[in-house]
Amino acid sequence: MMELRKANDRGHANHGWLDSYHSFSFADYYDPKHMGFGPLRVINEDRVAAGQGFGTHGHRDMEIISYVLEGELAHKDSMGNGSVIRPGDVQRMSAGTGVRHSEYNHSQDGTTHFLQIWIMPDRAGADPGYQEAHFSAADKDGKLRLVASGDGRDGSVSLNQDAQLYAGLFDGAQRADYALPQGRLGYIHVARGKVSVNGQALEAGDAVKLSAVDRIEISDGDKAEVLLFDLPR
């Protein structure tokens, strides 16, 4: 089965300094039909104005991934981590028993555009943790590159969940086939550009949920950046 979610059907909140689209119910946006997919709970597409950001706030028992598309995102947390991530960087913060952090647009003259992704962990009360890794455009050009996984293999950031996240760049004749194991869920989010997934044309912000599907085919890209999630039910 394949369920399409168009970009314009997402929740939307514009706070001036923050323009955010919510793929799943979040904050003041509530839709009982879109509460998550498997352990995937949040995909927010955020644009943060120069010098603005999220003040210090807390999280518990959540795997939080930041994926920067444009600009610079500064991070500080109660574990003592502080860094600035840029396009190609993938950051994972395991909130576990509790962590506080802040996120700001590090630039004073440009918008930061990033995806904030939350995945529910496979157990509560884990130790908080932090990790980041860089994946160049060449790593993702015309193929799916593993960027986050339950076992942290191949240089991916590690998750407290049996989930895998791949990123790929597709243009022209480039294509990729992904074998989805039986009993698993697939989720595709188009971060930018245009692409076809199993023959379905998608644009930036669109997504598809896949279940009882054994193969995911990505083709016909037009400057597309794609995230593929392989998830437990």
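Data table
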| read-out | value |
| --- | --- |
| Unique residue being farther than 20 Å from residue 17 by Cβ and among the basic types (Lys, Arg) when the list is 41, 47 | 41 |
| Subset of region 4-20 that is charged (D, E, K, R) and surrounded by 12 or more Cβ atoms within 10 Å (Cβ to Cβ) - its residue that is farthest from residue 189 (Cα to Cα) | 19 |
| Strands (runs of 3 or more DSSP E) enclosed by region 34-112 - at least 3 residues per element that are open to solvent by less than 30 Å² (accessible area, probe 1.4 Å) and β-branched (Val, Ile, Thr) | 40-48, 63-70 |
| Residue check for residue 169: modelled with pLDDT of 95 or more, under 19 Å from residue 71 (Cα atoms), open to solvent by 30 Å² or more (accessible area, probe 1.4 Å) and not in a helix (DSSP H, G or I) | yes |
| Filtered residue count, region 1-19, keeping only those that are more than 28 Å from residue 198 (Cα to Cα) and either out of contact with any Ser or Thr (no Cβ under 7 Å at 6 or more places or on another chain) or not in a strand (DSSP E or B) (or both) | 6 |
| Qualifying residues in region 21-33 (those that are in a loop (DSSP other than H, G, I, E, B) and of a type in the set (Ser, Thr, Tyr)) - the one farthest from residue 191 (Cα to Cα) | 30 |
| Qualifying residue in region 23-30 (condition: open to solvent by 10 Å² or more (accessible area, probe 1.4 Å), over 17 Å from residue 148 (Cβ atoms) and among the polar types (S, T, N, Q)) | no |
| Among (1) among the acidic types (Asp, Glu); (2) open to solvent by 50 Å² or more (accessible area, probe 1.4 Å); (3) within 24 Å of residue 119 (Cα to Cα) - the single one residue 225 does not satisfy | (2) |
| Criterion (open to solvent by 30 Å² or more (accessible area, probe 1.4 Å) and either out of contact with any strand residue (DSSP E or B) (no Cβ under 8 Å at 6 or more places or on another chain) or of a type in the set (D, E, K, R) (or both)) met by exactly one of 199, 183 | 183 |
| Meets criteria (assigned to a strand (DSSP E or B) and within 25 Å of residue 94 (Cβ to Cβ)) for residue 178 | no |
| Neighbours by Cβ (under 8 Å, 6+ apart or cross-chain): first from region 206-233, in a loop (DSSP other than H, G, I, E, B); second β-branched (Val, Ile, Thr) and open to solvent by less than 10 Å² (accessible area, probe 1.4 Å) | 206/190 |
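The values are calculated or read from the model by the stated rules, or taken from the named source; none is laboratory data. This one's a predicted model, so the numbers in the text were calculated from it and none came from an experiment. Don't worry about glycine lacking a Cβ; one is built from the backbone with ideal geometry, like all the others, and counts go over all protein chains shown. When the accessible area is computed, the model is the full protein with side chains, heavy atoms only, and any ligands, DNA or RNA have been set aside. Shrake-Rupley method; radii C 1.70, N 1.55, O 1.52, S 1.80 Å.
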